[in-house]
Amino acid sequence: MDILRAKAPDMVLTELWSCLLAYNLIRLKMLQSGIATDRDPRSLSFTTTQQMLAASWLLGAVTKVTHEMVTLGQQVPCSERVGHRTGRTEPRANKRRTKVLALLKQPRYHYHQQRKAIV
């Protein structure tokens with residue numbers, strides 16, 4: 001959740017709560033997967049779990065979900081183990097590059113009118 005798209009305060013709250021809900025649901029599935037396979041949930045990949053859940057939810061939305069599919073989805077671990085990476089410390093450095101372009105703070109047509117006035 002890099003940028004909040006909502007403008008109204010109640011929609012910002014809705015966006016924040018929905019992101020927190022999604023995060024906690026992914027963590028819950030990681031915990032269930034860790035318990036089912038006798039692995040430490042902290043050793044599972046959050047990103048892989050997120051991608052696998054998104055793919056299975058999309059597949060479930062496209063096809064007709066049966067009771068057998070639900071049972072199979074609950075039995076299959078939904079994450080892969082992250083290997084031990086020596087020397088890794090948390091938190092890691094921010095990898096995002098700063099945005100070079102300035103923000104457009106007025107409507108685009110005002111910008112074009114100013115440019116025409118200068119020329």
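Here are some notes:
- Just one residue in the set A22, A6 is in contact with a helix residue (DSSP H, G or I) (Cβ under 6 Å, 6 or more places away or on another chain) and at pLDDT 85 or above; that residue is A6.
- The set of residues from the range 1-57 being assigned to a helix (DSSP H, G or I), acidic (D, E) and exposed (fewer than 13 other Cβ atoms within 10 Å of the Cβ) comprises just one member, D10.
- Here S79 clears all of (1) surrounded by 13 or more Cβ atoms within 10 Å (Cβ to Cβ); (2) among the small types (G, A, S); (3) assigned to a helix (DSSP H, G or I); (4) at pLDDT below 80 except the condition numbered (3).
- Among residues of the range 42-64 that are closer than 19 Å to L31 by Cα and modelled with pLDDT of 80 or more, none has a beta-carbon under 7 Å from a residue that is surrounded by 15 or more Cβ atoms within 10 Å (Cβ to Cβ) and of a type in the set (F, W, Y) at least six positions away or on a different chain.
- Counting only residues that are assigned to a helix (DSSP H, G or I) and out of contact with any helix residue (DSSP H, G or I) (no Cβ under 8 Å at 6 or more places or on another chain), the range 58-68 holds 6 of them.
The values are calculated or read from the model by the stated rules, or taken from the named source; none is laboratory data. Being a predicted model, the structure only gives us computed values, none of them experimental. Note: ideal-geometry Cβ built from the backbone for every residue, glycine included; neighbour counts use all protein chains shown.
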